[in-house]
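The values are calculated or read from the model by the stated rules, or taken from the named source; none is laboratory data. Worth saying up front: this structure is predicted, and the values here are computed from it rather than measured. Counting neighbours? That spans all protein chains shown, and the Cβs are built from the backbone with ideal geometry, glycine included.
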Amino acid sequence: MTIPGQLTPAPRLLLGPGPSDAHPRVLTAMTTPLLGHLDPQFLDIMTETADMLRQVFVTKNRLTFPVSATGTAGMETCLVNLIEPGDKAVVCSMGYFGNRMIEIAERCRAELTTLKAPWGKVFDLQQLRDTLKAVRPKVLGLVHAETSTGALQPLEEVGKLCREFDVLLVADCVTSLGCTPLKVDEWGIDAAFSCSQKGLGCPPGLAPVTFSDRAVAKLKGRKEKVQSWYLDLTLIESYWGGTDRAYHHTAPISMVYALREGLRIVLEEGLEARWARHLRNHKALKAGLEAIGLSYTADPDCQLPQLNAVRIPDGTDDLACRKRLLSEFGIEIGGGLGDLKGKAWRIGLMGHNSKPSSVLLVLAALETVLAGAGVKVTPGAGVAAAEKMYTG
Ligand SMILES: *Cc1c(COP(=O)(O)O)cnc(C)c1O
């Protein structure tokens, strides 16, 4: 066998549903020499990372750390630890990732009730109240930012509702953390999970999670062992947080360096400023996309700033357009998932990539590609509409 050549992929601008481009400072931090995973210096780095993670989740939860795997492992960590076989659970789905949560809850052998909303819509408080009242579950699972449809589920009032019915609220914040307002303590979220590669501007590989005292109490009161050894928080807890810091698994050292740097960048910018930046760039992109005739899949009152899902014009070849964006412009956008496969494009403006240059580049490229595919677009219309949003 001949040895493959050195890695030299063509540069890309990652404007899909994730991964988004890592911040250059994050990539530099990853080249820091390795430490042992029990080295006192590394234990300090873990403590600093968890402290910053608490600030970004806006929580005082002691049990807050990154699981050593991707966002889905964060989802699995929350559900396997909080659901015991036979526990009543309600999982709400308004898209692809809600469905994934349902599948995992089934595998936890929950006595499961599912609540579904049409793709592009979200749940209202009354619907959730009626369901909790009828089912009286122990756990409610909801997706905060549904990346498959571009819809934002309001969570501000859901935690209060869950306390009224003594239910633990588990929220999928994989696409919201670092992009849109998320206040774990104030909103009464009991378990939240996220990822490193979307709003935090790091490579994929870590899944930040946080558990409230109520969630920890449920964990401590379990009758059965957690079905997963690797994700069992009663075991991991002492490595990330306890005083004995006992070996559980080898932490992915370079990824922890990356997350630490990514979190430093988030806190330097400030959460409010970061949320405002995502909104500003979304508004410009939205004006541009609508000016070239693309309409959003999510309802107007629940559109995610960081993930813009739009319908592909009738008769347009999805794959051919995305291929041209990639090969000629070096821009990656996402295709549709599940019900929206072949019907939608998903344009992410996440973390480091939420900036005017991404907006203007992707609009210019889309105008060219759509015109080439025979769609009627006025050259420059999208870019001009976005420019106008920036200049006021
Ligand atoms: C990306 C995503 C996940 C899965 O995360 P991975 O890092 O791909 O495992 C889960 N939920 C939502 C809402 C997501 O956008």
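Here are the numbers for this structure:
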| read-out | value |
| --- | --- |
| Boolean, Val80 is under 24 Å from Tyr230 (Cβ atoms), at pLDDT 95 or above, assigned to a helix (DSSP H, G or I) and within 16 Å of the ligand (Cβ to nearest atom) | yes |
| Residue within the stretch 222-236 that is at pLDDT below 95, on the phi < 0 side of the Ramachandran plot, of a type in the set (Ser, Thr, Tyr) and touching a His at 6+ places or on another chain (Cβ under 8 Å) present | no |
| Meets criteria (over 15 Å from Arg54 (Cα atoms) and among the aliphatic types (A, V, I, L, M)) for Leu177 | no |
| Selection count, the stretch 171-193, where residues are more than 12 Å from the ligand (Cβ to nearest atom), outside any loop (DSSP other than H, G, I, E, B) and buried (at least 24 other Cβ atoms within 10 Å of the Cβ) | 2 |
| Any pair with Cβ under 6 angstrom, 6 or more apart, that starts in the stretch 71-87 at a residue that is assigned by TED's automatic domain parsing to the domain that holds Arg222 and of a type in the set (Ser, Thr, Tyr) and ends at one that is assigned to a loop (DSSP other than H, G, I, E, B) and more than 11 Å from the ligand (Cβ to nearest atom) | Thr77/Leu231 |
| The stretch 83-106: number of residues that are away from the ligand (no atom under 16 Å from the Cβ) and either at pLDDT below 95 or in a helix (DSSP H, G or I) (or both) | 1 |
| Residue within the stretch 213-229 that is crowded, with 22+ Cβ neighbours inside 10 Å and under 20 Å from Thr47 (Cα atoms) present | no |
| Failed item, numbered, when Asp213 is tested on (1) within 12 Å of Cys92 (Cβ to Cβ); (2) of a type outside the set (S, T, N, Q); (3) away from the ligand (no atom under 16 Å from the Cβ) | (1) |
| So Leu13, is it within 22 Å of the chain's Cα centre (by Cα) and crowded, with 21+ Cβ neighbours inside 10 Å | no |
